[in-house]
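Here the structure is laid out as structure tokens; the discussion comes afterwards.
The values are calculated or read from the model by the stated rules, or taken from the named source; none is laboratory data. Remember, it's a predicted structure, so these values are computed and weren't measured experimentally. Quick reminder, even Gly has a Cβ in these numbers, built from the backbone with ideal geometry, and neighbours come from all protein chains shown.
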């Protein structure tokens, strides 16, 4: 602490710190790039931003990033607003309180408040979507323990009468004959929310659930694990640091979704649907083709490759 800081109140010191942090947040998506960056690039930058661990401060951090963007980038405003109000939602406050807090936080941003006034229905929709996200978590957390997909679980056996016999460790698990059957069951669980399958897919993809609970359920490996949204920034930044301008993966919009515990391999998914398993080197701006990587047309192809390596 500087000597003259002893004459400041704790509130003054706190507010100055918040102002410095707000300035840092504003650089996540610089104004000069706001119209140039793609939807995926902006979404990744915002979602992977390092914000406060405190819910209210995290909301303020997110709005420093998204408030200038929403009025000019209507193509991504909806998903950005959902990211920003999620910390408020997890404080278990109702819609009207969320709205008043959003207005208070952005009282010095007239352009955003004008836009928000015209889009209050969007805010209501987002609160409903976050209700669905909570249901995602509860449902899929239960499914991770209690769902068996018979054409993937190799220790399920067929009895002489043609019935499927599951090992005792599965207990009262619910079994499905195929992954598609499980997905149909999963979608039907949200019928009460009056949301289409396409809208569910979009929401799951934006919130990071689709990769984990659909695509990555195909990985039956104790050596690989899902990278949570909170941890994705560090793996994203590591890849950015390692790529030379001549590298084939340079400037591609990547989302890290899984990593191998025993090696330095990380599975990245790109905005065009392709994937790559990259062997990180932890060296800056590599040359001669490093870091090495293997590309795949789809995430399913990548998971099949991972499972083949396990055999």
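Residues in the range 282-309 that are farther than 19 Å from residue 246 by Cβ and touching a residue at least 40 places away in the same chain (Cβ under 8 Å): 282, 299, 300, 303, 304, 306, 307.
Residues of the range 89-98 that are assigned to a helix (DSSP H, G or I) and over 19 Å from residue 64 (Cβ atoms): 95, 96, 97. Among the residues in the range 100-116, are any in the same structural domain as residue 35 (by TED's automatic domain parsing) and within 19 Å of the chain's Cα centre (by Cα)? Within the range 100-116 (the criterion being in the same structural domain as residue 35 (by TED's automatic domain parsing) and within 19 Å of the chain's Cα centre (by Cα)), the answer is no, since none of the residues qualifies. For residue 23, the conditions (1) closer than 30 Å to residue 252 by Cα; (2) modelled with pLDDT of 85 or more all hold with the exception of (2). Filtering the range 285-311 to residues that are modelled with pLDDT of 80 or more and farther than 15 Å from residue 224 by Cα leaves 290, 291, 292, 293, 294, 295, 296, 297, 298, 301.
Applying the criterion of being out of contact with any helix residue (DSSP H, G or I) (no Cβ under 9 Å at 6 or more places or on another chain) and modelled with pLDDT under 70 to the residues of the range 115-156, the residue that is nearest to residue 101 (Cα to Cα) is 138.
Yes/no per residue for (1) in a loop (DSSP other than H, G, I, E, B); (2) surrounded by fewer than 21 Cβ atoms within 10 Å (Cβ to Cβ):
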| site | (1), (2) |
| --- | --- |
| 40 | no, yes |
| 45 | no, yes |
| 52 | yes, yes |
| 57 | no, yes |
| 70 | yes, no |
| 78 | no, yes |
| 87 | no, yes |
| 100 | no, yes |
| 113 | no, yes |
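Taking the criterion of being part of a helix (DSSP H, G or I) and either touching a strand residue (DSSP E or B) at 6+ places or on another chain (Cβ under 7 Å) or surrounded by 15 or more Cβ atoms within 10 Å (Cβ to Cβ) (or both), the residues of the range 250-306 that qualify are 299, 302, 303, 305, 306.
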